[in-house]
Amino acid sequence: MQAVDYGTYNPNYISPRTHAKLESLVKTIIANPGAMMKFGQFDELTAKIDPKVVIAHLPKGVGEEQLFGMAMLSHDTECATPIYTRELTERALRFEWPSLDWFIRQVWDPDEESHFLPYRLFGMGMGASEAHMDERVKRARASSFTHRGVDTPAGVVMFGTEQEYLTGNWHRIMAKLIRPACPEAASAITWVAQREVLHKQWYREMAAILLEEEPRRVQEMAHAIIRFEMPGNQICPELEHQVSGWLTNMGADIDQIVAGMVREIYKISSSTGMAGKMALEIGEAKGMKMGWIKVAHVHHAINRLGQPGSGIVGEAVMDFILTLVGESLLEKFHLSKLWTPEKNSDPAYRFYTGPVELVRSLLRNWVASKIKVDLGTSIG
Ligand SMILES: [Fe+2]
Ligand SMILES: [Fe+2]
């Protein structure tokens, strides 16, 4: 695995072959975008919300103020769609990536623009005035937003994958909180959550194409994961900064959310070996340790093995180690059941069969017990 040489490598350039694959994916999405929500669809929702009932049904640890803050965080970040659309279409132009522009203008933007509605109606049901909600929209759309992640095609789709994944999870948490008191509001929010899941899958497919066709993008992607932050940090920081406290109050299962993100990263990688490379890039950039060994040292050793001239043995050993790291990462997050040996898909398996499987499983357990990768800190 070579470090990216920015002297010759232009990460903003997408090859014609990759473009063709991305275009065909976007055409499929445009032909079948699924059921989007419409304005006016839930107008009767406000009248169905009784604040007293909602408050009476809140779980222990969650007060009215917290619930309203959580709903307004969703509202404010969702209603800022025009800002994100501007940022994304500007990048489609800069990266000479027309299919990203089609995707944003024809599917993503028209879909996103209605997502704040259930929260607007819920806010009004809880007693906020229409003028207050209008003011929130105005304020959110006037805020400044800078993409602070990795500003390359791979960085943008990784940001999209992560953002949609976490947003979908958030809507699901909201729907669960509201469901006992107002199932109608919860099902409108669940609809939004399901749309975010679709968005996540679309961005994830774009990321997978970019990585499969242009594997050196793994480094940008790893850095995009590390540098990720939710848009709420800029659109409504006073609410976003309360998220970890809110999640703690509710006893939310953060490990499960992190494990889900690892699963997405694994799906973007074309093999366990590639997932391992991604894990190493993340680990090195964050100065993490695998047991007593610094990830940077492992990475350095692997880079040396993979250098030209080291021959097929070096390549095979490199694949083997990367596969182990990938598997160990999955095991750490109890995702090993996702990993099934597909002998034809991962080059590592072509070199190792039979007795080596035993060694492999011994080593896998050893690495799993030693690895100390705390992805939780990389997810904002
Ligand atoms: Fe959304
Ligand atoms: Fe979305």
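Using a ≥ b ≥ c from the Cα gyration tensor of the range 16-252 (square roots of the eigenvalues), is it rounded, prolate or oblate, where a/c under 1.5 gives rounded and otherwise the larger of a/b and b/c decides, a/b for prolate? List each step's numbers first, then the result.
On the way: a/c = 2.06, a/b = 1.79, b/c = 1.15.
It comes out prolate by the Cα gyration axes.
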Cut-off 12 Å between beta-carbons: net charge of the residues surrounding L198, Lys and Arg +1, Asp and Glu -1
-2
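Within 11 Å, Cβ to Cβ, of E220, how many net charges do the neighbouring residues add up to if Lys/Arg are +1 and Asp/Glu are -1?
0
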Fewest to most Cβ atoms within 10 Å: R120, R263, R217 sort as R263, R120, R217
Sum up the charges of everything whose Cβ sits under 12 Å from the Cβ of R94, counting Lys and Arg as +1 and Asp and Glu as -1, but leave R94 out.
-4
I'd like the Karplus ³J(HN,Hα) series for the range 150-157: coefficients 6.51, -1.76, 1.60, θ = phi - 60°, whole numbers in Hz, and an x wherever there's a Gly or Pro.
8, 8, 9, x, 5, x, 5, 6
With R₀ set to 45 angstrom, the calculated FRET efficiency between the beta-carbons of D255 and A31, to the nearest 0.05, is 0.75
R17/E229 FRET efficiency (R0 35 Å; Cβ-Cβ; nearest 0.05):
0.60
Label points 7 Å out from Cα along the Cβ direction at Q41 and E130: separation in nm?
2.2 nm
Phi-derived 3J(HN,Hα) across the range 181-197 with the Karplus relation (6.51, -1.76, 1.60, θ = phi - 60°), rounded Hz, x for Gly and Pro, is 8, 8, x, 5, 5, 5, 6, 5, 5, 4, 4, 4, 4, 5, 5, 5, 4
Residue span K176 to R263: 0.36 nm per residue of separation minus Cα-Cα distance leaves a gain in nm of 29.0 nm
Working out 0.36 nm times the residue gap between H297 and E212, then minus their Cα-Cα distance, what length gain in nm do you get to one decimal?
28.0 nm
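Read-outs throughout are calculated quantities, based only on the coordinates presented, and are distinct from any laboratory measurement. This one's a predicted model, so the numbers in the text were calculated from it and none came from an experiment. Please note: Cβ atoms are built from the backbone with ideal geometry, for glycine as well, and neighbour counts cover all protein chains shown.
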